[in-house]
Structure formats: structure tokens, C-alpha cells
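**Student:** Dumping the structure here so I can ask a few things about it.
The values are calculated or read from the model by the stated rules, or taken from the named source; none is laboratory data. Nothing here was measured: the structure is a model prediction, and the numbers come from that model. As a convention, Cβ positions derive from the backbone with ideal geometry for all residues, glycine included, and neighbour counts pool all protein chains shown. Surface accessibility is based on the protein's heavy atoms, side chains included, excluding ligands, DNA and RNA. Shrake-Rupley method; radii C 1.70, N 1.55, O 1.52, S 1.80 Å.
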Amino acid sequence: MRIKSVLFALFATVLLWFGSSGVVLADIPPPRLDGPTTVRAYLYLEDVNDIRLDTGTFDATAQLVLKWKDERLAFSSPDDTPRSWMGVRAERHLEKIWHPVLDISGEKGLSSAVVYALTVHPDGTVVTRQKFTTRPRFIGELIWFPFGRLMLDLNISSMAVDARHMQFELGQLAPSDSMESLDTVLHGNWHPVRMAWVTRTVEYPDLPGKAFPQISLQIEVVHDFIDGVHKVLLPLLIIALASWGLMWVNFTVQPAFSSPRIAGIITLILTSIALKFVLNRELPVVHYLTFSDVLFNTTIMMLSFGMLASCVVASLFTDFSVPRAQWLHRWLRGIYPVLYVVVLVVSCVLFLA
């Protein structure tokens with residue numbers, strides 16, 4: 001009975017020590033209990049695409065290699081040959097040893113990872129290679145749409161072991177030698193301008209006071225200028241020139257020209273509104289004006305002014321004074337482009353203020 005009591009007391013002491021040290025009483029404790037186990041991370045980006053402004057997300061596919069040392073797994077090997085497992089066998093063997101339990105940031109659980117290989121070296125060094133696909137959210141204001149910058153964030157966090165018993169160490173990030181090489185894996189109408197990754201700690205709401213290690217990758221991208229010109233600036237410039245051209249249609253000489261002039265301007269108004277709605281499908285619902293809103297609103301205002309002014313000319317021509325109608329027609333076609341530029345400049349100044 002005394003031996004049982006001693007063993008029970010010893011077992012209770014071990015349990016209390018584990019609890020006081022902050023180690024979760026899991027089936028497999030971390031390799032070290034006197035300090036953090038260093039997990040070295042290597043990240044190889046394969047594809048970053050589908051940057052969707054309407055949902056505020058992007059897709060990322062990458063390979064993640066983790067390396068740490070667990071002396072409990074050391075074994076003797078005459079020629080230092082490691083033991084390796086691949087595919088499903090690697091995942092099954094991971095269940096028998098301690099390994100980092102990670103969460104790769106993804107929206108609505110749309111992240112998945114597959115372990116390709118597990119290698120254990122004779123000195124106890126463990127190496128895992130996995131591939132993951134995730135859909136994180138990005139950070140950035142869309143005020144200057146169709147131009148502007150976004151910050152693509154990708155976070156890899158420990159979910160089971162806190163910073164007292166595990167820490168990340170940055171290995172290699174690829175491609176990282178130049179923005180040109182990164183541009184080969186970044187697809188879409190965006191170009192990278194900066195990339196960096198750091199280690200930090202985060203706290204979870206249900207575990208206050210505990211810090212968990214995390215790797216944070218940030219890629220800063222800018223929207224393609226040519227794409228913005230093609231989508232917004234060029235169509236609006238053509239609409240503005242077409243509306244000015246309609247101002248030269250002189251129905252004071254031929255009254256039948258009044259219908260094509262007014263109908264043409266109305267068609268341009270409807271075209272501008274339709275184009276704005278199409279572009280808005282790419283954007284989320286925001287509480288502020290964007291640069292494209294300013295351009296479209298200015299264009300629609302000037303087209304509406306041209307339509308109303310043409311109706312006034314038609315009214316003067318048919319009901320009042322032909323010379324006044326001719327004078328107003330000549331004045332409108334001369335002042336219209338100047339007034340358009342002035343209204344556009346004032347709108348941009350108010351937008352910047």
C-alpha cells in the first residue's frame with residue numbers, strides 16, 4: 001500500500017508540474033519541456049491569383065517545409081540514412097509523433113493541406129513537406145480604384161502549443177530574390193512591389209494571456225495601370241468625345257437633326273450608367289466614393305447637361321428665336337469641352353480634400 005501511495009503521489013506531482021508549466025496534457029508532449037522547440041519554416045510560393053475585390057479575398061498555393069529536432073526519435077544508422085514516409089503513410093506516422101498543429105489563414109474554412117513527405121534523421125531532426133491552398137482576406141482601401149495598392153496577408157499559426165513551448169524560425173522564402181520572379185507566380189491585373197515575412201505571437205479570445213507563435217507573410221501589390229486605362233479611362237474618354245461630337249450636330253439648319261443629337265446623348269448616358277454597374281460588380285459595397293465613381297459621376301453630369309442644353313436649343317429654335325438658338329448652339333459646342341474639364345478638375349479636388 002505504501003508503494004502504491006508513493007507512486008500515486010509521484011504521478012500526481014508530475015501532473016501538477018505539467019499543468020503549472022502550461023503544457024497541455026496531450027498524448028504526445030513537445031520535445032522540450034524546459035523551453036520552446038524551434039520549428040524552422042521554408043515557404044515556397046507556387047501560385048497567387050484570383051484577387052477578387054468583391055469578396056476581398058485571394059487564392060494562394062504554396063509548399064511549406066517544417067524542420068525541428070526531437071531527440072526522442074533519434075536512432076543509430078551506420079551510414080546516417082534517414083527514415084522517410086510518403087503520402088498517406090507520412091500522415092499516419094505523424095499521428096505517432098509530436099508535430100506542430102497549424103492553421104493556415106483562410107476564409108470560411110476554404111484552406112486545405114496535404115502532407116507529401118515525412119523524414120526523420122538519425123539525430124532526431126524531423127522534416128515535413130506539405131502543400132496547401134488557402135483563400136485569405138486582403139487589406140486595403142479601394143479609394144483609387146481602378147488604381148491603388150493592396151496588402152495580401154497570409155498567416156500560419158500554431159493552434160495547440162503556445163510560445164513557451166514552440167517558436168518559429170524563418171528559413172527560406174521563395175521566390176524572394178526579385179519582384180520580377182515573384183511576378184511569375186502572381187497572376188492577374190496586379191504587380192508586386194514588396195514582400196516580407198516575420199514571426200510574431202498572437203492571442204486567442206478563449207485563452208487570454210497565452211501567446212501562440214505565428215508566421216505572417218505580406219505581399220504588397222499595385223493594380224495594373226494599363227488595365228485601369230482600358231477599363232475606365234479610355235471608355236469614358238470616348239464617351240466624352242462622342243458627346244462633344246454630338247454638340248456639333250446643328251439642327252438649326254436641319255430640324256431633323258435634333259432627334260439624332262438628343263437621342264445620341266441619351267444613349268451615351270445609358271451606356272455610362274451600364275458601364276458603371278458592370279464595374280461595380282468587381283467592387284464590394286463600400287461606404288466611400290472611389291476614383292472611378294468621381295469619373296463616372298462627372299461624365300453622367302456633363303452628358304445630362306448636354307442633353308438639357310440641346311433641349312433648350314430645340315425649344316428656342318421652334319418656339320422663340322432662331323438667332324438665339326443658333327447663338328446658343330455655337331456657344332455650347334465651344335464651351336462644352338472646357339466646362340467638362342473644369343467640372344472634372346473640381347470633382348477631383350473635392351475628392352482629394
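**Student:** By how many nm would the segment from residue 61 to residue 81 lengthen if fully extended, with 0.36 nm per residue of separation less the alpha-carbon distance?
**Tutor:** Taking 0.36 nm per residue and subtracting the Cα distance, the gain is 4.1 nm.
**Student:** Something else: How large, in percent, is the carbon and sulfur part of the accessible surface of segment 161-245 at a probe radius of 1.4 Å? Can you show the working numbers first?
**Tutor:** Numbers: 2580 of 4310 Å².
That share works out to 60 percent.
**Student:** What is the percent carbon and sulfur in the accessible area of segment 262-320, measuring with a 1.4 Å probe over the protein chains and ignoring ligands?
**Tutor:** 74
**Student:** For residue 117 and residue 74, what is the calculated FRET efficiency with R₀ set at 22 Å and r taken between the beta-carbons, to the nearest 0.05? Provide the component values of the computation, followed by the final result.
**Tutor:** Numbers: r = 20 Å, r/R0 = 0.89.
Plugging the Cβ-Cβ distance into 1/(1 + (r/R0)^6) gives 0.65.
**Student:** Taking the chain as a Gaussian network, Cα atoms linked when under 10 Å apart, which of 131, 210, 96 shows the biggest mean-square fluctuation?
**Tutor:** In the Gaussian network model the winner is 96.
**Student:** Another question about this same structure. Could you derive backbone 3J(HN,Hα) for segment 147-152 from the dihedral phi with the Karplus parameters 6.51, -1.76 and 1.60 (θ = phi - 60°), listing whole Hz in sequence and x where the residue is Gly or Pro?
**Tutor:** Whole-Hz 3J(HN,Hα) from phi for segment 147-152: 10, x, 10, 10, 10, 8.
**Student:** May I ask for the Rg/Rh ratio of segment 175-214, computed from Cα atoms with Rh as the Kirkwood radius, given to two decimals? Write out the running numbers ahead of the final one.
**Tutor:** Working: Rg = 16.3 Å, Rh = 12.9 Å.
Result: Rg/Rh = 1.26.
**Student:** Next up: Using only the Cα atoms, work out Rg/Rh for segment 87-161, with Rh taken as the Kirkwood radius, to two decimals.
**Tutor:** We get a ratio of 1.15 for segment 87-161.
**Student:** Which residue, 174, 117, 263, has the most motion in a Gaussian network model of the chain that connects Cα atoms within less than 10 Å?
**Tutor:** Greatest mean-square fluctuation among the candidates belongs to 263.
**Student:** Of the listed values (i) 1.10; (ii) 1.61; (iii) 1.05, grab the one calculated as Cα Rg over 2.2 N^0.38 Å from the structure here.
**Tutor:** (ii)
**Student:** Please list, ordered by chain and number, the residues whose modelled amide H lies under 5 Å from the amide H of residue 142; skip anything fewer than 5 residues away on the same chain.
**Tutor:** none
**Student:** Taking springs between alpha-carbon atoms closer than 10 angstrom, which of 185, 65, 341 fluctuates most in the Gaussian network model of the chain?
**Tutor:** Comparing 185, 65, 341 in the GNM, the peak value goes to 341.
**Student:** For residue 211, put the label point 7 Å out on the Cα→Cβ axis and report which residues of segment 150-178 keep their amide N under 15 Å from it.
**Tutor:** Only 158, 162-169 fall inside the zone, counting backbone N under 15 Å.
**Student:** What's the FRET efficiency of residue 34 with residue 226 using the Cβ-Cβ distance as r and R₀ = 45 Å, to the nearest 0.05?
**Tutor:** 0.20
**Student:** By the gyration tensor of its Cα atoms, with a ≥ b ≥ c the square roots of the eigenvalues, what is the shape of segment 218-353: rounded for a/c under 1.5, prolate for a/b over b/c, or oblate? Before the final figure, lay out the partial values.
**Tutor:** Details: a/c = 2.87, a/b = 2.39, b/c = 1.20.
Verdict is prolate for segment 218-353.
**Student:** Quick check for you: with a 1.4 Å probe and neighbouring chains kept, what is the accessible area per residue of segment 229-353, in Å²?
**Tutor:** 55
**Student:** Now for a different question. Lys and Arg at +1, Asp and Glu at -1: add these up for the other residues within a Cβ distance under 11 Å of residue 245 and post the number.
**Tutor:** So the environment of residue 245 carries a net charge of +2.
**Student:** So how much slack lies between residue 308 and residue 27, counting 0.36 nm per residue of separation and subtracting their Cα-Cα distance, in nm?
**Tutor:** Here the segment from residue 308 to residue 27 would lengthen by 93.2 nm.
**Student:** How far, in nm, would the chain grow between residue 346 and residue 318 when pulled straight, counting 0.36 nm per residue and subtracting the alpha carbon separation?
**Tutor:** Contour length minus the Cα-Cα distance gives 6.6 nm.
**Student:** Moving on. By accessible area of protein heavy atoms, probe 1.4 Å, what ranking do 44, 116 get, highest first?
**Tutor:** Final ranking, largest accessible area leading: 116, 44.
**Student:** A further question on this structure: Give me the accessible area per residue for segment 18-144, probe 1.4 Å, as a whole number in Å².
**Tutor:** Spelled out: the 1.4 Å probe surface of segment 18-144, per residue, equals 52 Å².
**Student:** Among the helices of the chain (complete DSSP H runs), which have Cα atoms covering no less than 24 Å along the helix axis and a Kyte-Doolittle mean of at least -1.0?
**Tutor:** Values: long enough: 2-21 (28 Å, 1.36); 258-280 (33 Å, 1.33); 291-319 (42 Å, 1.35); 322-352 (44 Å, 1.26).
Going by DSSP H runs, the hits are 2-21, 258-280, 291-319, 322-352.
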